[in-house]
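A.B. asks: I have a structure I would like to understand better, so I am pasting it below and will then ask my questions one at a time.
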Amino acid sequence: MTHQILWVQTLRVVPISEVLPVTGAANVNPLDAHDSVLGPTAKAHHDSPPQIAFGALACRALGAGIPTDDLLAWCLRLDRADIKQIAKTPAQYEPLLDSASARVASSSSLDGRAQKRVTAARRLVVCLLSPMPAHVAVSSSQNVGARHALAAMGPEFLKRSLDDGYDSIVMGGDRLATLMGVERKTADRYLDTLETAGWIRRKKRAGGLARAWRLPRLSAEGDRIAWAHSDLVNALTDRDLTNPFVEVFFAASHPAVGYGEKYVDGQPVKARVGGFSWLVGLLDEAGVDPVDVGMTKRTVSRYRKAWLAAVTEGDTITEGLDAHGAAHGSDLLHGIALDAYHARAYDRTTGAEAKREVKGRVHQGLATLLAQHTIPKATARFERRNTWTAAMTSAVSSMPDEMRPYLAKALASKMRARRLRYSPMDAVTAAAQIAGAWPSAPYVLDALLGTHEIPALDAESSDRDAWVDAASTSASALPEEMRHALAKGLSSKLEKVGYEGHVAAKVAARVAGLDAKGVAA
């Protein structure tokens, strides 16, 4: 007897209970109750080293009150032999559980949260007052903008560490852009610069969720800088607004810094204080020469005058910025931008809820379908794989078009299981053929780089050429619109590992099969 899958708009999957008799509650596994808690963490760490992945699962389980025995049993259900080995070996899992327990305890105690706030303050001070790392080549505006962005994110790092015991925050480009008064793409570039510099680190999260960031550990040199500015660290930890450095730090997201306009000859002209002036003010209060962090003397002199002109309009720095903002409509412009951001966030939320509903239906239907048509291994005979592909393609032929990208991603993820031995890109290509659509460009790029790892910058030219040839062959089946998105994402990845911008763009275009005019070859 087969299970019929109704690929209609509601995508209802006929329950097994309607097809086969139910044998009782004994078929329900109590570990299933933990899927909603541990599943997203396992997904986010699907490619992490086993110790890190198990540690993240342990922290999530202990924080949610899941018994250790249940955690170990749940890990044995994962499709990762290395994590299963840890879960079966006390000598391996006990130290990881102890570490996770200590971390959870520190997040829940007042002393632990206070120490996390001190740590966050030290890291923020060091990054803001230090030159860019030698391997990061950025323009002056990118240098200043990245520091401004970090300071705009800083108050939330401090608040979350003390209030909730978390060492990470959620911050997307749209929200950061609203805080700073810049375009979304500009804010995204600042986040990329901070990540490349190692001043923030992306936290592992399940796909589709907003980006989360944590501050990195300090090096020995960073620790020395923190001790040299211990007075600033202490004032920032205590949020001592009588300290000028702290007052300027928290002014990074003041409406007057990012917003403001005046009219010249009847035309509106930007009249905000700006990130350059703000940074000069911050470094002056810290006793650090702005030239030492990459600004030019001429620039420093000009923006110091602008900063002093803005903040001396009141008795304190904040009052001065308030007065400047009142004269140039900063609060009004900031309010308009904030309302627009909230409207976009609402649209994203409602859209995400609809997507989750559709994806849930796709996953249900796919599970039933794969119960009838088991995925063959990559090493199976050609005829066996062809027969399976034809059967799957026929089974989903009535699926609505808007569901097909989700099916492609879900099926590719199933095919990427280690025991099946498909390369990530082969799995994606096969799934796309069956679904009649490709998953999202970031997922395809992840699969491409999972199959063809980017060679080191100092690798032999023959090795780099071989990588380009192999990667471009894997990407040759992509439609033209997907190739443009792939080239953009790959160029960014190449820049992060040290390739110069124009070289990264050229290599990415070759891999994506685009000519000099951006047309598919």
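Every read-out reported here was derived from the displayed coordinates using simple, explicitly stated rules and does not represent laboratory data. What you are looking at is a predicted structure, and each value in this text was computed from that prediction instead of being measured. Glycine gets a Cβ as well: all are built from the backbone with ideal geometry, and neighbour counts include every protein chain shown.
A.B. asks: Positive end of the charge dipole of the stretch 337-428 (Lys, Arg +1 and Asp, Glu -1 on Cβ, about the Cα centre): tell me which of L370, A352, L338 has its Cα farthest that way.
C.D. replies: Value computed over the given set: L370.
A.B. asks: I would also like to ask the following. Roughly how many nanometres apart are two label points built 7 Å out from the Cα toward the Cβ at L308 and K488?
C.D. replies: Here the answer is 4.4 nm between the modelled labels.
A.B. asks: Take V257, V503, V118, V280 and order them by how many other Cβ atoms sit within 10 Å, fewest up front.
C.D. replies: Numbers: V257 30, V503 14, V118 18, V280 25.
By the 10 Å Cβ count, ascending: V503, V118, V280, V257.
A.B. asks: For a quick check: with amide H placed at 1.01 Å from N, whose amide H comes under 5 Å from L514's, ignoring anything fewer than 5 positions away on the same chain?
C.D. replies: Distant-sequence amide H within range of L514: A521.
A.B. asks: Out of Q92, T242, V136, whose Cα points farthest toward the positive end of the dipole of the chain (charges: +1 Lys, Arg; -1 Asp, Glu; placed on Cβ)?
C.D. replies: The Cα lying farthest towards the positive end belongs to Q92.
A.B. asks: If each residue's Cβ is checked for other Cβ atoms within 10 Å, how do V104, V288 rank with the fewest at the top?
C.D. replies: Going from sparsest to densest Cβ surroundings: V288, V104.
A.B. asks: Assuming a viscosity of 1.002 mPa s and a temperature of 20 °C, what translational diffusion coefficient in µm² per second does Stokes-Einstein assign to the stretch 364-493, Rh being the Kirkwood radius over Cα pairs? Walk me through the numbers on the way to the answer.
C.D. replies: Working: Rh = 15.6 Å.
Translational diffusion coefficient: 137 µm²/s.
A.B. asks: If you place +1 on the Cβ of every Lys and Arg, -1 on the Cβ of every Asp and Glu, and leave all else neutral, what size is the dipole of the stretch 113-328 about its Cα centre, to the nearest 20 Debye?
C.D. replies: 960 debye
A.B. asks: Could I ask something else about it? Can you compute the FRET efficiency between S141 and A477 using 1/(1 + (r/R0)^6), with r the Cβ-Cβ distance and R0 = 60 Å? Round to the nearest 0.05.
C.D. replies: 0.90
A.B. asks: Can you give the charge dipole size of the chain about its Cα centre, rounded to the nearest 20 debye, using +1 on the beta carbon of Lys and Arg and -1 on the beta carbon of Asp and Glu? Spell out each step's value before the answer.
C.D. replies: Numbers: 63 positive and 57 negative charges, 282 e Å.
Charge dipole of the chain: 1360 debye, to the nearest 20.
A.B. asks: OK, next. Calculate how steeply helix 424-435 sits against the longest principal axis of the alpha-carbon atoms of the chain, using the helix alpha-carbon long axis, and give the answer as 0 to 90 degrees to the nearest 10.
C.D. replies: The helix 424-435 is inclined about 70 degrees to the chain.
A.B. asks: Now for a separate question. Of L150, T316, A197, which is farthest towards the positive pole of the stretch 113-328's charge dipole, taken about the Cα centre with +1 and -1 on the beta-carbons of Lys, Arg and Asp, Glu respectively?
C.D. replies: A197
A.B. asks: For helix 501-512, report the angle its Cα long axis makes with the longest principal axis of the Cα atoms of the chain; keep it between 0 and 90° and round to the nearest 10°.
C.D. replies: Once rounded, the angle reads 10 degrees.
A.B. asks: Would you please give the FRET efficiency between D231 and D70, computed as 1/(1 + (r/R0)^6) with r the Cβ-Cβ distance and R0 = 45 Å, to the nearest 0.05? Working shown, then result.
C.D. replies: Numbers: r = 48 Å, r/R0 = 1.07.
Step by step, r from the Cβ atoms, then E = 0.40.
A.B. asks: Using the basic label-point model (7 angstrom from Cα toward the beta carbon), what is the R348 to A81 distance in nanometres?
C.D. replies: 4.0 nm
A.B. asks: Shifting gears a bit: Where does helix 441-451 land angle-wise versus the long Cα axis of the chain, in degrees 0 to 90, nearest 10?
C.D. replies: Tilt of helix 441-451: around 70 degrees.
A.B. asks: Another question, if that's okay. Nearest 20 debye, what's the magnitude of the dipole of the stretch 30-106 about its Cα centre given +1 on Lys and Arg Cβ and -1 on Asp and Glu Cβ?
C.D. replies: Dipole magnitude for the stretch 30-106 comes out near 120 debye.
A.B. asks: Additional query: Run the simple label-point estimate for E453 and L218 please: 7 Å along Cα→C-beta, distance reported in nm.
C.D. replies: Each label point is offset 7 Å from its Cα along the Cβ direction, giving 3.3 nm.
A.B. asks: Next question, about the same structure. Got a sec? How would Y422, Y166 order by Cβ neighbour count within 10 Å, fewest to most?
C.D. replies: Lowest to highest Cβ neighbour count: Y166, Y422.
A.B. asks: Further, regarding this structure: List, in order, the whole-Hz ³J(HN,Hα) value for each residue of the stretch 305-316 obtained from phi through the Karplus relation with A = 6.51, B = -1.76, C = 1.60 and θ = phi - 60°; use x for Gly and Pro.
C.D. replies: Working through the residues one at a time gives 4, 5, 5, 5, 5, 7, 8, 7, 7, x, 6, 10 Hz.
A.B. asks: Please give the length that would be gained between L31 and A114 if that part of the chain were fully extended, namely 0.36 nm times their separation in residues minus their C-alpha to C-alpha distance (nm, one decimal).
C.D. replies: Net length gain for the segment: 26.3 nm.
A.B. asks: Would you work out if the stretch 30-106 is rounded, prolate or oblate? Take a ≥ b ≥ c from the square roots of the eigenvalues of the alpha-carbon gyration tensor; rounded if a/c is under 1.5, else prolate when a/b is larger than b/c, oblate otherwise. Write out the running numbers ahead of the final one.
C.D. replies: On the way: a/c = 1.28, a/b = 1.06, b/c = 1.21.
Verdict is rounded for the stretch 30-106.
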